[in-house]
1. How much length is gained if the chain between ASP292 and THR242 is pulled fully straight, taking 0.36 nm per residue apart and subtracting their Cα-Cα distance, in nm to one decimal?
2. Could you work out the helix-only [θ] at 222 nm for the chain, with each DSSP H run of four or more residues adding -39,500 (n - 2.57) and the total divided by the number of residues, to the nearest 500 deg cm²/dmol?
3. Could you give the alpha-carbon Rg of the stretch 63-341 over 2.2 N^0.38 Å, rounded to two decimals?
4. Arrange the peptides 18-28, 3-13 so that the one whose residues have, on average, the most other Cβ atoms within 10 Å appears first.
5. For the Cα atoms of the chain, what angle does the longest principal axis make with the long axis of helix 156-169, in degrees from 0 to 90, nearest 10?
6. What whole-number distance in Å separates the alpha-carbon centres of the stretch 122-167 and the stretch 299-315?
7. Within the stretch 288-320, whose backbone N sits under 18 Å from a point 7 Å along Cα→Cβ of ARG272?
8. What ranking do 129-139, 109-119 get when scored by the average of other Cβ atoms within 10 Å per residue, highest first?
Amino acid sequence: MSTHIITAARVLTGCGATHAPGAVVVDESKIAWVGPGSDLPGDWQGAGVEQIDLPEASVLPGLIDAHVHLAVGGAPHPPAAIPAITHLDVAVTIRAGLAELLGAGVTTVRDLGAPCYTDIDTLTRHHDRPRVLTATIPLTIAGGHCDGLGGAVDTLTGIRDLVSANVARGADWIKIMGSGGFTTGGASSPYELQFTDAQVRAAVDAAHDHGLPVAVHAHGTAAIRQAVAAGVDSIEHCTWMTTDGFELDHGVVREIAARGILVCPTINHLARSAAGRLPWPVRRDHLRVMLDAGVRLIPGSDAGIPHTPPGRYPHSLPIYLDLGLSQAEVIDLATRHAAEALRIGHLTGTLAAGLSADLIAVPGDPTRDLNLLTTPILTMAAGHPHYPDATPEAEEDTST
């Protein structure tokens, strides 16, 4: 690694300032200086410095996808098939997913479920790849959602033991499958609870005793209510579903907002075309209600589920405009806000001296055209520059 000076038509710091033109100095893995191009300190210029000139581009913080499953990869097979996949297959899929994320301008992800035999170093020990926050093995029930990952537990002792084991593996988050899902099949129902209130509370308490936050997979309204009552930190999907429709509980929405619980709605790049049980107009209206109530949304794609490969995440971000957000607000949601929500704002999410050099460059001004985020011309992860290729197209929508 070395020192890089990146100059661009504009630098969107995420801290409230935009420098046009601007410059970023990267020294090894950290940002050393950010400011107007005309103020670039002379002592950073000279031998041993690599100059990257992007006169038509914007530089901004790297994108953050708050919900992925890197061990699966987005191929058209459901997580139920995971037991038949070899350890080597999983390692290859994870490495390919990390490379695809880098090519898409994603520099941090939160991985919310991996098979029990996954080598955590395969997920997290790549200094030139995106940062991975991992939940390791999600807690579920026998025959429940994603039980093929190896996290089926049915007693309070078993729940506490799996939380402790995940902590020992290096977990950053603890994941609970509060409801069933759409891709597991069998007895798993997205509308039904998987655990008792006491079991969810035991898992939350055990995680918090270890200093770790808790994310709960909850499609059904009953599971959302249960998660809020148990004191979780993040609700995944949060679709307010019942067996015969939807039931958005405004009182629970207010409680989610008051407690500062995160909601990751797992909007993928095909959400607008979704029909069936999760039509976009219904989801959009529910998300608007939550935003208006002050709920903290964080964007995540659920990458890894069928037909949702990791590199499609930037294509999902323009969909947040349907919620009434501006293009600049969506960028903030996927960078600074996501970093702060995931408790890593001291490491990344903005362009400021001392933070990790996680950044991207896109042609033009993404605050005027958010679709520019889908065509990064430079990604830098912890100071390692990468010049992306185009990411592959996906085919159809689905949801876990």
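1. On the way: separation 50, 0.36 × 50 = 18.00 nm, distance 2.29 nm.
Between ASP292 and THR242, full extension yields 15.7 nm more.
2. -7000 deg cm²/dmol
3. Normalised Rg, Cα atoms only: 0.91.
4. Values: 18-28: 20.0, 3-13: 21.7.
With the highest mean Cβ count within 10 Å placed first, the list reads 3-13, 18-28.
5. Compared with the principal axis, the helix lies near 20 degrees.
6. Taking the Cα centre of the stretch 299-315 as reference, the centre of the stretch 122-167 is 20 Å away.
7. 288, 300-301, 312-320
8. With the highest mean Cβ count within 10 Å placed first, the list reads 129-139, 109-119.
A short reminder: the numbers here are calculations on the coordinates, not readings from a lab. These figures come from a predicted structure and were not determined experimentally. With ideal geometry, Cβ positions are generated from the backbone for all residues, glycine too; neighbour counts draw on all protein chains shown.
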